[in-house]
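Asks: Pasting a structure here, questions to come.
The values are calculated or read from the model by the stated rules, or taken from the named source; none is laboratory data. In this text, all values refer to a predicted model and were calculated from it rather than measured experimentally. Please note: Cβ atoms are built from the backbone with ideal geometry, for glycine as well, and neighbour counts cover all protein chains shown.
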Amino acid sequence: MGSFAGGGLPPDDVVVTALRAGDEAMFAALLDTWSGGLLRVARSYVSTDHSAEEVVQDTWLALIGGIDSFEGRSSVKTWVYRILVNIAKKRGVRESRTLPWSAFEGDGGGSAVPGPVPPGGWKEVPAAWPTPEGEALASEVRGVIAEALDGLPPRQRTVITLRDVEGWSSDDVCEVLEISAANQRVLLHRARAAVRGRLADYFESVKPPE
Amino acid sequence: MKRFTCDELVEVITAYLDHALDQRACDGVRRHLACCEGCERYFEQFRATIGVLGDPPPEKLRADVQDRLMSAFRERRQA
């Protein structure tokens with residue numbers, strides 16, 4: 001089997017058949033394509049890079065052990081991510097980083113945080129952002145984004161990571177996390193609003209004096 | 001057509017972008033954005049934020065972890 005570099009993965013049935021047959025190139029391609037996303041999602045459950053790495057490693061080991069009994073009721077990708085979420089949750093609880101999701105009522109409903117619009121409407125239009133040009137700005141912006149993600153409540157972070165960083169559909173996210181579309185949307189919206197707020201603060205802080 | 005206040009509008013942007021609003025609400029969002037500079041700017045920044053999120057720094061498993069997993073795959077398939 002050749003390399004899939006840049007070309008994406010073949011359909012699930014091809015992937016599953018190859019893995020069952022011990023095709024190392026296919027396993028290497030999966031490792032390459034999915035490990036980044038798996039690490040990012042693992043970080044929303046556990047507290048250190050080291051833990052995230054172990055969670056991802058255990059996920060791949062579970063795939064190696066479980067591929068023969070994979071029934072194809074979901075896509076391989078959502079199946080792998082469900083394994084990851086289960087492993088990461090257990091680990092997160094042990095690290096007391098992640099409380100059971102039910103303990104996070106505050107990060108899903110209600111509106112404890114004031115919205116972006118001042119009472120009575122915009123007093124002034126939100127300040128324009130510079131067009132991200134140049135490596136320096138881009139890398140600083142990435143730093144701000146990373147910090148903003150770190151600061152999110154875990155459930156919001158998981159959802160925004162899957163939707164916006166990894167580019168998943170709402171349906172796939174709901175399936176993997178076993179949440180409703182409405183709940184998913186609330187978490188995503190709050191997360192996006194928080195990250196936008198951090199970016200706005202950052203751009204305000206580096207604005208050249210008038 | 002539904003009419004939105006600015007407060008309401010900024011809360012439905014994600015639903016709007018996900019095509020989860022009905023036609024009446026969609027029209028209301030478009031109409032509001034067309035004539036409210038504050039919300040229009042906010043909306044653009046919201047979309048810019050989503051754009052930047054989608055361009056993360058690359059992330060890889062450490063080489064030794066990859067090697068270990070490749071060995072585990074090899075051993076298990078040969079067992």
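Asks: Of the conditions (1) within 9 Å of chain B (Cβ to nearest Cβ); (2) touching a residue at least 24 places away in the same chain (Cβ under 8 Å), A:R157 clears all except one; give me its number.
Replies: Condition not satisfied by A:R157: (1).
Asks: Ok, one more. Go through (1) crowded, with 22+ Cβ neighbours inside 10 Å; (2) over 10 Å from the mean Cα position of the chain (by Cα) for A:A193 and report which single condition fails.
Replies: Condition not satisfied by A:A193: (1).
Asks: Being part of a helix (DSSP H, G or I), within 18 Å of A:A148 (Cα to Cα) and among the charged types (D, E, K, R) is the filter here, so list the residues in segment B:34-58 that pass it.
Replies: B:R47
Asks: Any residue at all in segment A:134-143 that is at pLDDT below 95, in the same structural domain as A:Q184 (by TED's automatic domain parsing) and part of a loop (DSSP other than H, G, I, E, B)?
Replies: Scanning segment A:134-143, I find at least one residue that is at pLDDT below 95, in the same structural domain as A:Q184 (by TED's automatic domain parsing) and part of a loop (DSSP other than H, G, I, E, B), so the answer is yes.
Asks: Can B:L17 be described as more than 8 Å from chain A (Cβ to nearest Cβ) and either under 18 Å from A:P126 (Cα atoms) or of a type in the set (A, V, I, L, M, F, W, C) (or both)?
Replies: Yes.
Asks: Being in a loop (DSSP other than H, G, I, E, B) and either at pLDDT below 95 or in the same structural domain as A:V85 (by TED's automatic domain parsing) (or both) is the filter here; which residues of segment A:179-210 pass it?
Replies: Once the filter is applied, which keeps residues that are in a loop (DSSP other than H, G, I, E, B) and either at pLDDT below 95 or in the same structural domain as A:V85 (by TED's automatic domain parsing) (or both), segment A:179-210 yields A:V206, A:K207, A:P208, A:P209, A:E210.
Asks: For segment B:12-30, name all the residues that are more than 21 Å from A:P119 (Cα to Cα) and either part of a helix (DSSP H, G or I) or in contact with a Leu (Cβ under 6 Å, 6 or more places away or on another chain) (or both).
Replies: Those that are more than 21 Å from A:P119 (Cα to Cα) and either part of a helix (DSSP H, G or I) or in contact with a Leu (Cβ under 6 Å, 6 or more places away or on another chain) (or both): B:T14, B:A15, B:Y16, B:L17, B:Q23, B:R24, B:A25, B:C26, B:D27, B:R30.
Asks: Filter segment A:57-80 for residues that are within 19 Å of A:G167 (Cβ to Cβ) and not in a loop (DSSP other than H, G, I, E, B); which is nearest to the other protein chains (Cβ to nearest Cβ)?
Replies: By that ranking, first place goes to A:V80.
Asks: I've got another one for you. Please count how many residues of segment A:12-49 are crowded, with 20+ Cβ neighbours inside 10 Å, at the interface with chain B (Cβ under 9 Å from one of its Cβ atoms) and either among the basic types (K, R) or under 28 Å from B:G54 (Cα atoms) (or both).
Replies: 6
Asks: Does at least one position in segment B:69-76 carry a residue that is among the aromatic types (F, W, Y) and free of Cβ contacts under 8 Å to residues at least 12 places away in the same chain?
Replies: Yes, segment B:69-76 contains a residue that is among the aromatic types (F, W, Y) and free of Cβ contacts under 8 Å to residues at least 12 places away in the same chain.
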